[in-house]
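Readers should treat all values here as calculations from the given coordinates under stated rules, not as data from a laboratory. Computed from a predicted model, the values in this text were never measured in an experiment. As a convention, Cβ positions derive from the backbone with ideal geometry for all residues, glycine included, and neighbour counts pool all protein chains shown.
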């Protein structure tokens, strides 16, 4: 049987029903959706967080300190004790001077600290001196060191102070070997005040040429010397400079440190018919001069070494009168002065009150060298490397004016005197160079007084 076809009316009704169903379904779908989230506002780019600048680490406060401690091991007993006491009187003098004004200003403490001096007797023994200096450094933990007495002792201590990095201002010292090490940087912490052997040799040769040309003939020179480093180096340098200038040196002879009689050597010098005698030594120079007088050996000039320039020795324990020494010259101990400038003349009088005798030619130079050390502390504190650098590079205002160390050479200062001579006064006169001389040289020296 055939199915009936749907009418047009039925088709329309079916279409309407389908449309209604679709609309209702869509409406139901949207009605049952969860509510939409509110729109997110636009986000600004994040602001970078600044990196905080670290606060500087505060410098730790130095440990509490009552004193600046300075140590020295030098000769307080034995045959050279008197010489050491007078050459090193400036250690005590400068400590007293600073303490009198409240002490030494130390920047890291922002105030003055009194100076305490620890002093040991090396008994004129290099080995003892080295042991004591190491004790001062390691056990006593001193802030600074003062130098020992004498060329050989300073030469021996330089490697030790170099190892521990202690700047050392050597007063009684002169060595060409050590000077070369200073110039090469092997002895960076060592500083010398006085003229060195090669410089001294040149000054003597210059003076002798002048005398030979302008005053009296000098042809033959006799040189005798203490058999230690000072004697060997100074006599050798003087010998070399004289020979190079054409002078004859028939006698160049050592003597033992404990010599008790110069009679044989004086006889040798007489026989050699020398015009000038140079003794490179220490306190034994007094015995030599006394015996020259006793044997009436009177060359045109006599040059002597350290200790024979010290008024407190020659007019004290050495037993000379001013007339005994007229014409006796001094080759070492410069830069030198005769203390005739007003400021230095005043200092010399103060020296006599405090020490009991007038100063020797290099006394003010010694004091000035120590001033430089302490002035470096006042500027840079107790950092010994900075003190060393200051001493090596800077110029200081001192009792002798502007003062500068020159490692491996003599100090440079406003005192320009080199060679000096006893002329009957309380202190020696500067005789060379001529442009700074305080008096004309006496040559030939007069006969010995009776």
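Taking every pair of alpha-carbon atoms in region 257-354, give the share separated by more than 23 Å as a whole percent. Counting every Cα pair in region 257-354, those more than 23 Å apart make up 31 percent.
Largest first, the three principal axis extents of the alpha carbons in region 195-277 are 38, 30, 16 Å in whole numbers.
Cα centroid separation, region 349-363 to region 254-310: 27 Å. Summary value for the chain: 14 percent relative contact order, contacts being C-alpha pairs under 8 angstrom separated by 6+ residues. Neighbour counting of Cβ atoms within 10 Å sorts the residues 448, 422, fewest neighbours leading, into 448, 422.
Helical runs (DSSP H, four residues minimum) scored at -39500 (n - 2.57) apiece and divided by the length of the chain put the mean residue ellipticity at 222 nm at -12500 deg cm²/dmol. With everything on Cα atoms, drop me the angle between helix 197-214 and the longest principal axis of the chain, reported from 0 to 90° to the nearest 10. It is inclined by approximately 40 degrees.
State, to one decimal in nm², a quarter of the convex hull surface area for the C-alpha atoms of region 375-426, i.e. the direction-averaged projected area. Before the final figure, lay out the partial values.
Details: hull surface 20.5 nm².
Mean projected area for region 375-426: 5.1 nm², to one decimal.
The calculated pair-distance distribution of region 298-450 uses every alpha carbon pair, bins of 5 angstrom beginning at 0, and gives 2, 9, 17, 20, 18, 13, 10, 6, 3, 2, 1, 0 percent. With the simple spin-label model, which puts each label point 7 Å out from Cα in the Cβ direction, the residue 409 to residue 138 separation comes to 3.8 nm.
Specify the angular offset, from 0 to 90 degrees and rounded to the nearest 10, of the alpha carbon long axis of helix 384-393 from the longest principal axis of the alpha carbons in the chain. Roughly 60 degrees between the two axes. Going by neighbour counts of Cβ atoms within 10 Å, the residues 168, 265 line up, fewest first, as 265, 168. Between residue 298 and residue 160, the distance separating the two model label sites (each 7 Å from Cα on the Cα→Cβ line) works out to 4.8 nm.
If you plug the beta carbon distance of residue 352 and residue 101 into 1/(1 + (r/R0)^6) with R0 = 25 Å, you get a FRET efficiency near 0.70. A convex hull fitted to the Cα coordinates of region 158-237 yields 98 cubic angstrom per residue.
Considering all alpha-carbon pairs of the chain, what whole percent are spaced by more than 44 angstrom? It works out to 29 percent of all Cα pairs. Compute the angle between helix 8-31 and the longest alpha-carbon principal axis of the chain, please, reported from 0 to 90 degrees and rounded to the nearest 10. Value to nearest ten degrees: 30. Here the convex hull built on the C-alpha positions of region 319-379 has a volume of 125 cubic angstrom per residue.
Within the P(r) computed for region 89-211, what percentage of the Cα pairs occupies the region above 22 Å? Roughly 46 percent, once rounded to a whole number.
Using the 10 angstrom Cβ neighbour count as an exposure proxy, how do 233, 350, 119 rank, fewest first? Please report the intermediate quantities before stating the final value.
On the way: 233 26, 350 12, 119 16.
Lowest to highest Cβ neighbour count: 350, 119, 233.
Mean separation of Cα pairs under 8 Å and 6 or more residues apart, divided by the residue count, gives region 177-241 a relative contact order of 38 percent.
Pair-distance distribution P(r) for region 406-448, from all Cα-Cα distances in 5 Å bins starting at 0: 5, 21, 23, 22, 13, 9, 5, 2, 0 percent.
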